[in-house]
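Each remark here refers to the structure printed beneath this line.
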Amino acid sequence: MAVEFLTDEQAARYGSFHEVPSRAELERYFFLDDADREAVQAKRRAHNRLGYAVQLTSVRFLGRFMPDPRQVPAEVAEYLAGQLEIADASCLKLYDERDGTARTHAGEIQEAGGWRDFAEVREELAAWLDARAWTTGDGPKALFDAAAGWLREGRVLLPGVSRLARLVGNVALADNLIRPGRSWCAGCRVRSVESVPSRGCRSTRHDDQPCCCDWPTWAWRTRSPCCACYR
């Protein structure tokens with residue numbers, strides 16, 4: 001299955017803290033309202049309260065539960081600790097040290113927050129992606145990012161990166177957005193054209209082999225430049 005359209009950066013950013021959240025993001029996703037505080041304060045010990053708060057807020061931001069909540073950026077832990085009047089945010093290192101508390105908390109948060117599993121919406125997402133591909137002309141990379149956003153907005157836990165990429169790849173192949181067995185060429189990645197030729201893309205790879213996009217069906221459908229097949 002063609003999932004190699006993902007860049008290393010795109011895969012690394014998926015469902016993870018690739019950088020420290022901005023102040024605006026902290027205030028939007030990591031602010032604890034009254035209901036949040038009530039749920040957090042029900043936990044004993046400071047490290048369990050802070051760990052619960054990390055999971056409660058990070059799933060809103062990332063769309064998935066962190067494999068190890070203790071790896072949250074220090075700025076996030078400190079922002080939450082300040083709201084909970086926990087003097088030392090480093091107590092988070094004691095969270096889930098032995099007893100599987102983090103897994104239990106994640107289950108509670110998923111149930112209380114109405115987070116669904118990916119399997120429940122897979123077909124719905126596939127139909128949405130297919131419609132988006134037709135109406136926007138988006139290529140597989142853009143479709144992948146759109147799918148991740150759709151899942152987060154719908155409170156659906158993100159699946160593994162390969163699983164989502166396979167679904168996007170299936171949709172892209174069905175719509176002729178990518179071609180199996182062909183590698184991406186430099187021309188499709190960087191070359192802009194003002195108009196689409198009538199009989200296929202004539203850009204060449206550096207080794208002078210035919211262009212991989214080879215007049216994808218969607219190009220004439222949307223009248224978009226062929227370089228967009230990699231976007």
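Quick note: the coordinates plus some simple rules give every number you see, no bench work behind them. Nothing here was measured: the structure is a model prediction, and the numbers come from that model. Glycine also receives a Cβ, built like all others from the backbone with ideal geometry; neighbour counts cover every protein chain displayed.
In table form, for the structure just shown:
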| item | result |
| --- | --- |
| Least to most buried among 52, 14 (fewest other Cβ within 10 Å first) | 14, 52 |
| Placed amide H near residue 156: partners under 5 Å, 5+ positions off or other chain | 116 |
| Pairwise FRET efficiency - residue 145 versus residue 94, Cβ, R0 = 45 Å, nearest 0.05 | 0.80 |
| Estimated FRET transfer efficiency when R0 is 35 angstrom, pair residue 34-residue 120 (beta carbons, to 0.05) | 0.75 |
| DSSP-loop trypsin sites (Lys or Arg not before Pro) across the stretch 39-123, with at most 15 other Cβ within 10 angstrom | 44, 45, 98 |
| Centroid-to-centroid separation of the stretch 15-55 and the stretch 104-153 [C-alpha atoms, Å] | 23 Å |
| Sparse-neighbour loop sites [GluC sites (Glu not before Pro); the stretch 13-92; at most 11 other C-beta within 10 Å; DSSP] | 19, 85 |
| Label-point gap, in nm, between residue 16 and residue 174 - each point 7 angstrom along Cα→Cβ | 3.0 nm |
| Prolate/oblate/rounded label for the stretch 31-113 (Cα gyration tensor, a/c 1.5) | rounded |
